[in-house]
1. Once you sort the root eigenvalues of the Cα gyration tensor of the stretch 162-276 as a ≥ b ≥ c, which label holds: rounded (a/c under 1.5), prolate (a/b larger than b/c) or oblate (the other case)?
2. Go through K19/K110; K112/K237; K61/K275; K59/K237 and tell me which ones have a Cα-Cα distance over 30 Å in this structure.
3. In the neighborhood of A238, defined by Cβ-to-Cβ distances under 14 Å, what is the net charge if each Lys or Arg adds +1 and each Asp or Glu adds -1?
4. At a 1.4 Å probe radius, which order do R140, R74 fall into by accessible area, largest first?
5. Determine the order of W37, W261 by accessible area, beginning with the largest, at a probe radius of 1.4 Å.
6. What residue among T233, T149, T58 has the largest mean-square fluctuation in a Gaussian network model of the chain, using Cα springs under 10 Å?
7. Just to be sure I understand the curve: with the Debye formula and one point per C-alpha of the stretch 186-242, what is log10 I(q)/I(0) at q = 0.29 Å⁻¹?
8. How big is the equivalent ellipsoid of the chain along its three axes, where each semi-axis is √(5λ) from the Cα gyration tensor, reported in whole Å from largest to smallest?
Amino acid sequence: MKTTLFFLWFTFSISAQIKGVVKDSISGKPIPYVNIWVENENIGASSEENGTFSINTTKGKILLFSALGFDKKRIKASEATVVNLNPKSYQLDEVVIAKHFESKIIEIGKSKTSVYQAFDNGPKIDVKFFPYFSKYKNTRYLKQVTVETDSKIEGATLKIHFYKVDENGFPGEELLTKDFIATVKKGSLKNIFDLSDFNLIMPKKGIFVGVEKLLIERNKVEKTITDYNSNTTSVKKAYMPYVLYNFEEKEFLFSFSGGKWHKETKQDLNNQTQKMMVFEPAINLILTN
């Protein structure tokens with residue numbers, strides 16, 4: 001497997017550092033791994049395990065906070081010392097516990113290419129779409145999800161999302177009600193995560209599966225770089241793990257940044273006769289009966 005690493009250093013403003021903590025508005029407990037963005041800008045952050053966060057922006061900017069199981073919140077950076085999120089009330093569907101035989105297993109989403117790229121692109125959520133086909137009717141349960149990563153440290157964590165398709169074809173409601181935090185080992189690996197306990201069924205409109213990098217201290221790697229011409233040094237920081245991407249031909253691509261979903265299609269290209277080639281996260285699903 002050939003891996004190419006692109007350092008697209010994430011945008012950090014030098015204007016000011018806003019610090020605060022995110023809490024549950026009812027229990028008062030800190031909320032970890034909250035996705036935080038400066039509205040409509042490529043500046044983001046994640047809350048730490050103790051709910052604290054810091055983000056570089058100006059006090060007049062708007063910050064957007066989103067976490068699974070809580071209502072989203074939009075607040076001025078100057079007022080974000082303590083950010084209280086309201087827990088969501090879920091209308092639970094009737095749960096039918098069906099016996100899984102697991103005598104049939106198929107892996108979907110395999111790429112035709114063995115060349116991978118990696119990006120350090122902040123807490124942006126990149127998703128891969130898995131369409132539903134009638135041949136899946138006998139293997140409709142999600143057994144496992146695989147994610148290809150390259151990590152320079154042991155025990156780096158990331159967040160995995162599973163979305164229904166909404167009425168406009170965008171990633172919509174999340175299929176889980178709590179964060180799925182995955183831990184990966186050091187090195188370039190195909191990680192396999194078990195989904196059996198969630199009783200997830202492949203939706204007939206298809207499913208989006210996404211990965212979110214967590215910009216937290218335990219995932220941070222720093223490297224000192226010396227410029228011998230000017231005799232100066234600087235510290236570059238990156239966050240593990242790098243998620244690996246395949247270069248694929250697709251009709252569309254979705255990503256979440258700046259607090260909203262963005263869709264790229266072939267019509268966005270200057271030359272619409274060209275094929276639309278995109279970097280798509282190397283994610284597969286394993287289905288069973």
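The values are calculated or read from the model by the stated rules, or taken from the named source; none is laboratory data. What you see is a predicted model; the values in this text were computed from it and never measured. Because the Cβ atoms are built from the backbone with ideal geometry, glycine has one as well, and the counts that use them run over all protein chains shown. To get the accessible areas, we keep the full protein, side chains included, count just its heavy atoms, and leave off ligands, DNA and RNA. Shrake-Rupley method; radii C 1.70, N 1.55, O 1.52, S 1.80 Å.
1. Details: a/c = 2.42, a/b = 1.36, b/c = 1.77.
Oblate.
2. Values: K19/K110 42 Å; K112/K237 33 Å; K61/K275 38 Å; K59/K237 24 Å.
Over 30 Å Cα-Cα: K19/K110; K112/K237; K61/K275.
3. Details: positive: K152, K213, R218, K220, K223, K236, K237; negative: D120, D150, E217, E222.
Surrounding charge for A238 is +3.
4. Working: R140 105, R74 150 Å².
Output order, biggest surface exposure first: R74, R140.
5. Numbers: W37 0, W261 55 Å².
So the residues, ranked largest to smallest area, are W261, W37.
6. The residue with the greatest mean-square fluctuation here is T233.
7. Summing over Cα pairs of the stretch 186-242 leads to -1.18.
8. Details: eigenvalues 196, 127, 73 Å².
Semi-axes (√(5λ), whole Å): 31, 25, 19.
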